[in-house]
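Since every read-out is calculated from the coordinates, none of them should be taken as a lab result. Just so we're clear, the structure is a prediction, and the values are computed from it rather than from any experiment. Note that each Cβ is placed from the backbone with ideal geometry, even for glycine, and that neighbours are counted across all protein chains shown.
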Amino acid sequence: MDEKKSIFGAKQITTTAILLAICIISQFFKNLSIFITGPIINTCIALAVLMVNLPCGIILSVITPITAYIIAASPVMTAVPLIIPFIMLGNCVLAVAVHFILKKEIDKAGRKPINVKNMILSVVCALAKGLFMGLTISLWLLPTFIPAESPLRGKMGVFQTTFSLYQFLTACIGFIYVFLIIFALKGRGRD
């Protein structure tokens with residue numbers, strides 16, 4: 001009974017709210033570099049899954065593309081609004097991958113979450129997100145929905161790299177932050 005109550009208890013809601021606030025603050029820097037905002041968003045999604053639960057990771061996965069659009073919509077998001085649900089799904093792929101591939105191993109590692117196996121598993125999780133977004137957004141959505149006469153067509157290569165390779169790289173950077181945070185927390189006696 002206590003386990004069911006703890007899915008969305010005060011601690012879970014508070015932790016998720018803090019992670020969401022961090023995501024929102026990072027989005028004000030979105031126009032500076034994807035390598036600032038991207039890793040922070042991916043870190044928060046992974047931490048939500050690892051420290052709270054999968055539903056909270058999915059909540060962040062869904063909310064963050066909406067707040068990104070509200071705070072600093074990119075030209076491609078404005079031109080192809082259908083991209084937003086696919087970004088949500090890409091984030092959900094990351095959250096689900098972390099839950100099913102990495103979470104159990106992190107929990108088993110106790111005070112030593114940084115090991116070769118967990119690093120490899122985190123790269124697999126990042127790759128799942130990058131591949132999903134690369135296949136759906138870069139190879140299908142953008143070429144299909146950006147009109148041939150649009151000036152955005154000239155930047156298609158940049159957009160395709162942003163929604164494939166850069167998604168993988170920013171998720172990998174995010175996992176570096178995840179391991180540092182988890183290590184710091186576990187090192188303080190939280191197992």
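Computed over the Cα atoms of the chain, what is the convex hull's projected area averaged over all directions, in nm²?
Directional mean of the projected Cα hull area for the chain stands at 10.8 nm².
By count of other Cβ within 10 Å, fewest leading, how are Ser150, Ser26 ordered?
Neighbour counts put them in this order, fewest first: Ser150, Ser26.
For region 26-61, state which chymotrypsin sites (Phe, Trp or Tyr not before Pro) are in a DSSP loop and have at most 16 other beta carbons lying within 10 Å of their beta carbon.
Phe28, Phe29
List the relative contact order of the chain as a percent without decimals, with contacts defined as Cα pairs under 8 Å and 6+ residues apart.
Rounded, it is 24 percent for the chain.
What helices in the chain pass both tests, a Cα length along the helix axis of 20 Å or more and a mean Kyte hydropathy of -1.0 or higher, using whole DSSP H runs?
In the chain, the long hydrophobic H runs are 10-27, 54-72, 83-97, 116-133, 165-187.
Put +1 on the Cβ of each Lys and Arg and -1 on the Cβ of each Asp and Glu in the chain; which of Ile66, Val93, Leu139 then has its Cα farthest toward the positive end of the dipole?
It is Val93.
Using the structure shown, list the pairs from Lys30/Lys155; Lys30/Lys112; Lys11/Lys108; Lys30/Lys117; Lys30/Lys104; Lys103/Lys129 with a Cα-Cα distance above 28 Å, or answer none.
Over 28 Å Cα-Cα: Lys30/Lys112; Lys30/Lys117; Lys30/Lys104.
So for the chain, taking the charge dipole from beta-carbon charges (+1 Lys/Arg, -1 Asp/Glu), which of Asn115, Leu20, Ile7 sits furthest toward the positive end?
Of the candidates, Asn115 comes out farthest on the positive side.
With a 10 Å radius around each residue's Cβ, average the other Cβ atoms per peptide and rank 99-109, 131-141, highest first.
With the highest mean Cβ count within 10 Å placed first, the list reads 131-141, 99-109.
For the chain, give the magnitude of the charge dipole about the Cα centre (Cβ charges: +1 Lys/Arg, -1 Asp/Glu; no others), in debye to the nearest 20.
I would put it at about 520 debye.
Could you list Leu152, Leu50, Leu82 in order of exposure, starting from the residue whose Cβ has the fewest other Cβ atoms within 10 Å?
Least crowded to most crowded, the residues run Leu82, Leu152, Leu50.
How many nm separate the modelled label positions at Lys108 and Arg153, each set 7 Å beyond the Cα in the direction of the Cβ?
Modelled inter-label distance: 5.2 nm.
Stretched out fully, how many nm does the piece from Phe183 to Thr144 gain, at 0.36 nm a residue minus the Cα gap?
9.7 nm
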